Amino acid sequence: MTDSDAVSDTDAEGESSLRERVETWLSREMPIIQMHGGTSAVREADPETGEVIIELGGGCKGCSVSDVTTGNITAELLKWPEIDDVTVRVPDARESLGGPDQAESIMGVDRTEGGRGDWGSSNPGKDHL
């Protein structure tokens, strides 16, 4: 670790970096994220510009209340004097499935019938078990 790396991880007085403080805050004040199988990552925390970018994933992807979570995170972090701009990204659940243009069959399993398959390409046939 070089001296320049140490400076980027801590401020001039040796306190935790903005990124570390935001990560600690997320795990302490937003446990609901992990409780519901979600993840959070601080992608950027720039003390010079006051910009913070957080990405939620896991169970947050496609969650119907993720907009409430992102709003709560934004509102709370904007109260910090060193933060001027907060962006919270939550990937759309359809992104992992290929979006609305995804073919009806993924790996031979039809999307009909709740993903359990249907008669056709995903039917194992009469010789199966």
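The values are calculated or read from the model by the stated rules, or taken from the named source; none is laboratory data. Being a predicted model, the structure only gives us computed values, none of them experimental.
Computed quantities for the displayed model
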item	result
Restricting segment 25-44 to residues that are at pLDDT below 95 and β-branched (Val, Ile, Thr), the residue that is farthest from Pro91 (Cα to Cα)	Ile32
Residues of segment 45-80 classified as at pLDDT 90 or above and of a type in the set (Ser, Thr, Tyr), total	4
